């Protein structure tokens with residue numbers, strides 16, 4: 001089959017998506033394990049005007065409480081990823097998809113069964129973890145957008161050619177096995193959980209496969225040029241005044257937060273299984289940062 005010069009860049013985009021979604025999923029699990037976390041209460045805390053939905057300005061204001069910068073484009077990409085109504089705002093159900101675990105259905109159901117709390121301020125550990133989750137999402141969106149621009153600048157690149165690189169049998173859709181084979185052919189490696197994360201991120205209809213329309217919706221860059229998230233962080237951000245006792249809680253919360261991430265990472269990668277197929281018998285030229293063989 002004919003190969004194209006853009007294939008390594010397309011593979012990089014898929015691997016970056018898998019890595020980012022895995023990191024986000026870990027933070028979702030950390031948030032869900034917080035005893036005081038209740039989705040409706042958190043949603044109402046961000047929805048300061050009681051509109052029944054979240055706008056980019058709501059997320060920006062919340063992140064500013066933790067001195068986390070957010071660009072207009074980054075917020076737009078975040079809203080677009082989870083906005084099921086395509087109206088530029090997040091409903092409560094969209095907020096559930098953003099914050100609740102996608103890999104652990106039991107944990108998700110447990111959190112949804114919690115009794116709803118009255119409107120009130122989120123406890124600091126919950127607020128801190130939620131802010132880190134949103135920051136991780138923004139980082140992922142910006143990094144993916146940069147790779148998409150690099151992909152589009154390749155001479156022989158087109159959307160149809162990129163789709164056909166994955167859909168080699170011309171089925172009209174992409175499965176997790178198609179992604180696995182393409183990534184393997186480009187000398188990379190993904191586990192079953194990574195492949196599930198890629199399909200989950202691209203599949204907006206929920207049928208378990210990625211159609212051509214869904215693929216275009218993902219791979220199409222939405223900006224003329226996007227600065228890196230590190231560059232955005234260098235800009236001057238005026239943090240709001242935080243009480244002294246809140247600052248003292250910050251260090252303790254961060255230590256607890258990092259400890260929970262390490263524990264969940266251990267659970268996720270201790271039982272890591274290779275995707276069934278020839279990939280088991282081939283050499284792995286590139287190890288992801290989540291690989292346990294270090």
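In table form, for the structure just shown:
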{"quantity": "Residues within segment 28-52 that are in a loop (DSSP other than H, G, I, E, B) and surrounded by fewer than 18 Cβ atoms within 10 Å (Cβ to Cβ), tallied", "calculated": "8"}
{"quantity": "Qualifying positions in segment 84-111 - free of Cβ contacts under 8 Å to residues at least 12 places away in the same chain and either part of a helix (DSSP H, G or I) or crowded, with 19+ Cβ neighbours inside 10 Å (or both)", "calculated": "93, 105, 106, 109"}
{"quantity": "Matching residues in segment 57-77 - criterion: being part of a helix (DSSP H, G or I) and in contact (Cβ under 8 Å) with a residue 24 or more places away in the chain", "calculated": "59, 62, 63, 64, 73, 74, 75, 76, 77"}
{"quantity": "Qualifying residue in segment 149-158 (condition: free of Cβ contacts under 8 Å to residues at least 60 places away in the same chain, over 16 Å from residue 199 (Cα atoms) and not in a helix (DSSP H, G or I))", "calculated": "yes"}
{"quantity": "Filter pass, residue 207 being assigned to a helix (DSSP H, G or I), free of Cβ contacts under 8 Å to residues at least 60 places away in the same chain and either loosely packed, with under 15 Cβ neighbours inside 10 Å or more than 19 Å from the chain's Cα centre (by Cα) (or both)", "calculated": "no"}
{"quantity": "Evaluation of residue 19 against (1) within 30 Å of residue 170 (Cα to Cα); (2) touching a helix residue (DSSP H, G or I) at 6+ places or on another chain (Cβ under 6 Å); (3) buried (at least 17 other Cβ atoms within 10 Å of the Cβ) (one fails), failing number", "calculated": "(2)"}
{"quantity": "Residue within segment 227-241 that is surrounded by 18 or more Cβ atoms within 10 Å (Cβ to Cβ), under 24 Å from residue 150 (Cα atoms), touching a helix residue (DSSP H, G or I) at 6+ places or on another chain (Cβ under 8 Å) and modelled with pLDDT under 90 present", "calculated": "yes"}
{"quantity": "Per-region count, segment 137-177, residues over 30 Å from residue 56 (Cα atoms), within 21 Å of the chain's Cα centre (by Cα) and buried (at least 19 other Cβ atoms within 10 Å of the Cβ)", "calculated": "2"}
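The values are calculated or read from the model by the stated rules, or taken from the named source; none is laboratory data. Just so it is clear, the model here is predicted, and its values are computed rather than measured. Note that each Cβ is placed from the backbone with ideal geometry, even for glycine, and that neighbours are counted across all protein chains shown.
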